[in-house]
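Everything below concerns the one structure shown next.
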Amino acid sequence: MNASRSPLQFLILGWFSIVMGLSGLALAWHRATGRLGEPAAAVAVALAILAATSVVVIGLALGTVRGLRQSRLLVPEGPSPAPQAVTTGGESR
């Protein structure tokens, strides 16, 4: 592996397995509400909130670290031609 290439250059979706696991666990507790009653519903809501919070925290943390280390890749190359095509009716200037 080249020293100039960082593994953070590519966002690995494996980090979001935590969120998927928590979401599945929340759904299982939600389905168990019929048998276990209201405490199961409370656990399901708490797990859903934890899953939502973790996706935001993981996304922001990885995005920030990636942005700091790979800032040159996040700089846009120039304005998109799409707004020009929309505002001018497709005519080029």
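Just to be sure, is Thr53 surrounded by 12 or more Cβ atoms within 10 Å (Cβ to Cβ), under 15 Å from Val19 (Cβ atoms) and free of Cβ contacts under 8 Å to residues at least 60 places away in the same chain? Here the answer is yes, as Thr53 does meet what is asked.
Number of residues in segment 1-45 that are closer than 20 Å to Thr64 by Cβ and modelled with pLDDT of 95 or more equals 0. Selection of segment 22-50 for residues being surrounded by fewer than 14 Cβ atoms within 10 Å (Cβ to Cβ) and assigned to a loop (DSSP other than H, G, I, E, B) yields only Gly37.
The values are calculated or read from the model by the stated rules, or taken from the named source; none is laboratory data. None of these values were measured; they are calculated from a predicted model. For neighbour counting, all protein chains shown are included, and Cβ atoms are generated from backbone atoms with ideal geometry for every residue, glycine included.
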